[in-house]
């Protein structure tokens with residue numbers, strides 16, 4: 001007899017309840033992608049350059065065009081070397097990094113992820129040491 005009592009209002013409420021349950025389930029899963037990274041992180045702009053200065057709180061990145069950009073680092077900032085997490089102390093002046101940043105309320109940039117970049121040797125250079133090339137052992 002309950003099936004006969006199914007009104008359009010009850011069907012709408014049931015559909016909304018199912019939709020809300022699915023939304024809660026997705027949010028409880030953390031919204032992580034198959035790669036294990038937050039899907040929202042891919043929405044942040046990334047900046048690649050050389051570390052000009054880093055004191056643990058402010059990372060100054062020097063871009064290819066010689067402009068410098070400051071990023072505020074916090075305990076939420078993640079530091080990665082490939083897929084491996086590293087400590088902030090692994091970031092040193094002169095290293096090539098990519099910073100994923102988000103705008104802060106005060107118009108500065110907050111660093112979300114700092115990734116170490118391992119650039120290959122420029123074309124025409126040999127990876128062997130100078131001593132090995134000269135035959136010195």
Point to revise | Hits in the stretch 42-72 (condition: touching a strand residue (DSSP E or B) at 6+ places or on another chain (Cβ under 6 Å) and either within 14 Å of residue 104 (Cβ to Cβ) or in a helix (DSSP H, G or I) (or both)) | key: 44, 58, 59, 69, 70, 71, 72
Check your understanding: Would you say residue 85 is over 20 Å from residue 52 (Cβ atoms) and either modelled with pLDDT of 95 or more or surrounded by 15 or more Cβ atoms within 10 Å (Cβ to Cβ) (or both)?
Key -> yes
Check your understanding: If you go through the stretch 73-117 one residue at a time, how many are without any contact (Cβ under 8 Å) to a residue 12 or more places away in the chain and part of a strand (DSSP E or B)?
Key -> 3
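The values are calculated or read from the model by the stated rules, or taken from the named source; none is laboratory data. Here the structure is a predicted model, which means the values were calculated and not measured. Don't worry about glycine lacking a Cβ; one is built from the backbone with ideal geometry, like all the others, and counts go over all protein chains shown.
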